[in-house]
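Here's the structure we're looking at; comments come further down.
Quick note: the coordinates plus some simple rules give every number you see, no bench work behind them. A quick note: this is a predicted structure, and the numbers were derived from the prediction, not measured. Here the Cβ positions follow ideal geometry from the backbone for every residue, glycine too, while neighbour counts run over all protein chains shown.
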Amino acid sequence: MRVIIAPAKKMVEDDAVAPLGLPTFVENAEALAAWVRGLSYAEQKALWKCSDAIARQNSGRFEHMDLRAGLTPALLAYDGIQYTYMAPTVFESEQMEYVQEHLRILSGFYGVLRPMDGVVPYRLEMQAKVTIGGCRNLYDFWGDRLYREVMDKSGVLVNLASKEYAKAIERYLGPDDRYITCVFGELVGGRVIQKGVYAKMARGEMVRFLASERAQEPEAMRDFSWSGYAFSEQRSTDDTYVFVRD
């Protein structure tokens, strides 16, 4: 069983923990970095769709980027709500071993990351209009490589990623794959409504829960009850697990 999550926009550098290796697709990332460096500042800012302050920070990052030195383990480099609630900095050794084997982080820039792969700060979301090598966007650039990298022999994939990133995998799923998406929401007028911040919190906690339980089958997620969530049997299907919070 593998679990996929999305990255966070904000990133930090931390040399307290050494990474275990380089990302699988580091050479592809280097090609993307060279393409971004070749853009004008105005083109870079349009690509990132961000403020001047963020654009200048990231333009500087790409200008001096070395993807093989000064690296931070991916799971510790992303600084977003999901990662805060996952709390990987206080993982015990068994939890870290579990996520290294079962968890994969999808990235527009790096493709697929194992938790202890070494990364540098960057900004490049999966929906960015990257036109490199005749590709129209990053979905075309990565093709089915991300799907092939995240799937293991079990053929079971748990989706805790956002739609933007899950889309890069879903288009390549085969009839024998078991793909389960988790929905975390609240009942509003009889409907389950997901709220972005709370869903991100729950996704992080689910990763921590699975690591704590060392879960090997997706059915283990049904026991998840953190932050007031409970598995809803009547609202769930074989490929969608719904968790409702009071």
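A few points about this structure:
- For the chain, the relative contact order works out to 24 percent when only alpha carbon pairs closer than 8 Å and six or more residues apart are counted.
- Calculated [222 nm] ellipticity per residue, helices only, for the chain: -10000 deg cm²/dmol; basis is -39500 (n - 2.57) per DSSP H run with n ≥ 4, divided by all residues, nearest 500.
- Pairs from the table (LYS129/LYS153; LYS153/LYS200; LYS153/LYS195; LYS10/LYS129; LYS49/LYS153) lying more than 31 angstrom apart at Cα are LYS129/LYS153; LYS153/LYS195; LYS49/LYS153.
- Placing pseudo-labels 7 Å out from each Cα toward the beta carbon at ARG191 and ALA16 gives an inter-label distance of 4.4 nm.
- Span-like helix ranges in the chain, DSSP H, alpha carbon extent 15 angstrom or more, Kyte mean at least -0.5: 26-37, 196-213
- Hull shadow area, averaged, the range 107-246 [alpha-carbon convex hull, nm²]: 10.1
- For the peptides 198-205, 182-189, residues were scored by their other Cβ atoms within 10 Å and the scores averaged per peptide; the highest-first order is 198-205, 182-189.
- Amide H contacts under 5 Å for ARG178: VAL156, LEU157, restricted to partners 5 or more places along the chain or on a different chain, H placed in the peptide plane at 1.01 Å from N.
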